[in-house]
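Have a look at the structure below before the remarks.
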Amino acid sequence: MINNKTPCQDCNNIIIYNHNGTKPMFCRNCKLRKNREWYYNNKDKANKKHKEWLENNKKRVKDTTIKYRNKNREKINSNKRAYYYKNINKVREINRLYYNNRRIGGDEITSDDWQKIKDAYDNRCIKCGKSNNLTIDHIIPVSKGGKNSIKNIQPLCQSCNSKKYNKYPKTILTAGTFDLLHKGHINILKKSRMLGDRLIVMLSTEDFNKKKGKKSLMSYKDRKQILESLVYVNKVVPETSWEDKAYYIEKFNVNTFTIGSDWEGHFDYLPCEVVIFPRTEGVSSTKLRGKK
Ligand code: C2G
């Protein structure tokens, strides 16, 4: 076989090629480097091209994968084992999520969703504060019609979860205008939520605010939407009068009512436990509204 030689146009290294073949411009290393550069500069285009290729060569890909798996079974299994032992908790968590989603159906809870919920509670069991072996607990048990949704799950450690079996959720109620939501609001919502299994927020309507001598910058609809997007809030209901608290306590079988210290002594008459939380100093919607 007759070979020809030509210098690489990039590094000048001599390339030997078959005289029947096309004369190469670059040596193998320079070609690889240029491909890599092209890929990093055209990632989307490259990925799109790759996806199209995979789409058009499904059978070939499948055959190659099966062939590779059959040929490298031992290697694949030992890699899997090595990965498992290196990431036991992570794998267990992914499996728990997978079987949880498969067993219950409903919304699929992704590992990102689950991580966000754990982060919201500082990666600790809501009941005992332990941080290891956190499991998904359905606030309203699935057996009682509870859904597999982000609003119906919370992190509990294995032992608190098993102790909880089928008990009805401990319900917390709080109230407020929550205008221009700030860290003071977030603090009281988080602390309230951690007192029980679900938090219901009574949100003051514009009319009720008038009765309170207050005016909010944001509409009821917007304030409600923001509250409902918070992981701590399970439900938002309108507060239209002072009598509504007793009505909702009855309706939702509320265990505890919470409010900030600026309302201390105002709600001791309520037919459930009343918990007062210290106000978060240095922040208020009035200040944010730029009024004294
Ligand atoms: N809060 C707090 N720290 C702040 C500001 C507010 O802890 N810096 C608390 C309040 O004490 C209240 C809740 O956040 O418990 C909501 O505060 P507002 O939106 O100001 O509620 P308010 O208009 O006072 O309505 O029926 C009771 C009323 O609805 C309470």
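Key figures for this structure:
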item: Residues of the range 183-193 that turn out to be in contact with a strand residue (DSSP E or B) (Cβ under 8 Å, 6 or more places away or on another chain) and within 10 Å of the ligand (Cβ to nearest atom), as a count; result: 7
item: So ILE150, is it among the aliphatic types (A, V, I, L, M), surrounded by fewer than 16 Cβ atoms within 10 Å (Cβ to Cβ) and away from the ligand (no atom under 16 Å from the Cβ); result: yes
item: Cβ-Cβ under 7 Å pairs, at least 6 apart or on other chains, the range 95-120 side open to solvent by 90 Å² or more (accessible area, probe 1.4 Å), far side at pLDDT below 70; result: GLU108/ASN101
item: Test: ARG124 is of a type in the set (Lys, Arg), open to solvent by less than 10 Å² (accessible area, probe 1.4 Å) and either within 16 Å of the ligand (Cβ to nearest atom) or within 28 Å of ASN87 (Cβ to Cβ) (or both); result: no
item: Test: residue in the range 131-147 that is closer than 22 Å to GLN225 by Cα and either within 12 Å of the ligand (Cβ to nearest atom) or surrounded by 15 or more Cβ atoms within 10 Å (Cβ to Cβ) (or both); result: yes
item: LEU180, sole failed condition from (1) open to solvent by 10 Å² or more (accessible area, probe 1.4 Å); (2) more than 16 Å from the ligand (Cβ to nearest atom); (3) farther than 21 Å from PHE267 by Cα; result: (2)
item: Sole exception among (1) without any contact (Cβ under 8 Å) to a residue 24 or more places away in the chain; (2) within 8 Å of the ligand (Cβ to nearest atom) for SER204, by number; result: (1)
item: Cross-chain or 6+ apart pairs with Cβ under 6 Å, the range 54-66 first and closer than 16 Å to ILE76 by Cα, then among the basic types (Lys, Arg) and open to solvent by 60 Å² or more (accessible area, probe 1.4 Å); result: none
item: Residue list for the range 208-242, filter: more than 11 Å from the ligand (Cβ to nearest atom) and open to solvent by 100 Å² or more (accessible area, probe 1.4 Å); result: LYS210, LEU217, LYS221, GLN225
item: Flag if LYS5 is at negative phi, in contact with a strand residue (DSSP E or B) (Cβ under 8 Å, 6 or more places away or on another chain) and not assigned by TED's automatic domain parsing to the domain that holds TRP114; result: yes
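This table checks each residue for (1) more than 8 Å from the ligand (Cβ to nearest atom); (2) under 16 Å from GLY196 (Cβ atoms); (3) open to solvent by less than 40 Å² (accessible area, probe 1.4 Å).
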residue: PHE257; (1), (2), (3): yes, yes, yes
residue: TRP263; (1), (2), (3): no, no, no
residue: ASP268; (1), (2), (3): yes, no, no
residue: VAL275; (1), (2), (3): yes, yes, yes
residue: THR280; (1), (2), (3): no, no, yes
residue: VAL283; (1), (2), (3): no, no, yes
residue: ARG289; (1), (2), (3): yes, no, no
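The values are calculated or read from the model by the stated rules, or taken from the named source; none is laboratory data. No experiment lies behind these values; they were computed from the predicted model shown. Every residue, glycine among them, receives a Cβ derived from its backbone with ideal geometry; neighbour counts consider all protein chains shown. The protein model used for the area step is the full one, side chains on, heavy atoms only, and it has no ligands, DNA or RNA in it. Shrake-Rupley method; radii C 1.70, N 1.55, O 1.52, S 1.80 Å.
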